[in-house]
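Quick notes on the structure that follows.
The values are calculated or read from the model by the stated rules, or taken from the named source; none is laboratory data. Remember, it's a predicted structure, so these values are computed and weren't measured experimentally. Virtual Cβ from ideal backbone geometry, glycine too; neighbours counted across all protein chains shown. With ligands, DNA and RNA removed, areas are computed over all heavy atoms of the protein, side chains included. Shrake-Rupley method; radii C 1.70, N 1.55, O 1.52, S 1.80 Å.
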Amino acid sequence: MAAAAAGKAQRYEAFVSDVLQRDLRRVQEQRDAVFEQQAQVLQLRAALARLQDVDAPLHTQVDLGCNFFVSAEVPDPRRVFVALGFGFFVELTLPEALRHLERRSSLLQRLSESLTRDGAKIRAHIRLVLEGLRELQGLQEPPGTSEP
């Protein structure tokens, strides 16, 4: 009987470490990537808001990589190219680009909330399996973790 319980405990431990924790790491990495995209959208929105005040040609510096900058002049800063994804770009006016960023921001917000909920569900599953392991092995709950 004890050998069967030990075998079950090993399978549950392997499930937690091989499946649940791997899934939790994957969800957290995806959520972190979404947070980075949200930060980029906020930064771009602020830059576009500043561009709305500029009517004359815009003089700027562009990073070509490895901190190598060149001077650039944008003759008409009222229109910008926005990356839609998969290598597609569209030319938009500044108000259109800001509306696009609003929609993208709300989409990213919903995605981050969904990934946060998924992470919470996985953590709950891990806790449930660990509680089952504790009961299976006949261990007591660690002090300070009991609920009132």
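Tabulated values for the structure
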read-out	value
Residue check for ALA4: on the phi < 0 side of the Ramachandran plot, exposed (fewer than 10 other Cβ atoms within 10 Å of the Cβ) and either in a helix (DSSP H, G or I) or over 31 Å from the mean Cα position of the chain (by Cα) (or both)	yes
Cβ-Cβ under 7 Å pairs, at least 6 apart or on other chains, segment 77-105 side under 15 Å from GLN40 (Cα atoms), far side open to solvent by 100 Å² or more (accessible area, probe 1.4 Å) and part of a strand (DSSP E or B)	VAL82/PHE89; ALA83/PHE89
Residue ID - farthest from ALA39 (Cα to Cα), chosen from residues in segment 60-93 that are of a type outside the set (D, E, K, R) and touching a Pro at 6+ places or on another chain (Cβ under 8 Å)	PRO75
Qualifying residue in segment 59-70 (condition: at pLDDT 90 or above and polar (S, T, N, Q))	yes
Any pair with Cβ under 6 angstrom, 6 or more apart, that starts in segment 44-68 at a residue that is under 21 Å from LEU98 (Cβ atoms) and aliphatic (A, V, I, L, M) and ends at one that is in a loop (DSSP other than H, G, I, E, B) and modelled with pLDDT under 90	LEU51/PRO77; VAL54/PRO77; LEU58/PRO77
Qualifying residue in segment 124-132 (condition: over 30 Å from ALA2 (Cβ atoms) and open to solvent by 90 Å² or more (accessible area, probe 1.4 Å))	no
Residue list for segment 8-24, restricted to those being free of Cβ contacts under 8 Å to residues at least 60 places away in the same chain, closer than 14 Å to HIS125 by Cα and either of a type outside the set (A, V, I, L, M) or in contact with a strand residue (DSSP E or B) (Cβ under 8 Å, 6 or more places away or on another chain) (or both)	SER17, ASP18, ARG22
Residue within segment 106-114 that is surrounded by 10 or more Cβ atoms within 10 Å (Cβ to Cβ), closer than 30 Å to ARG22 by Cβ, basic (Lys, Arg) and touching a residue at least 40 places away in the same chain (Cβ under 8 Å) present	no
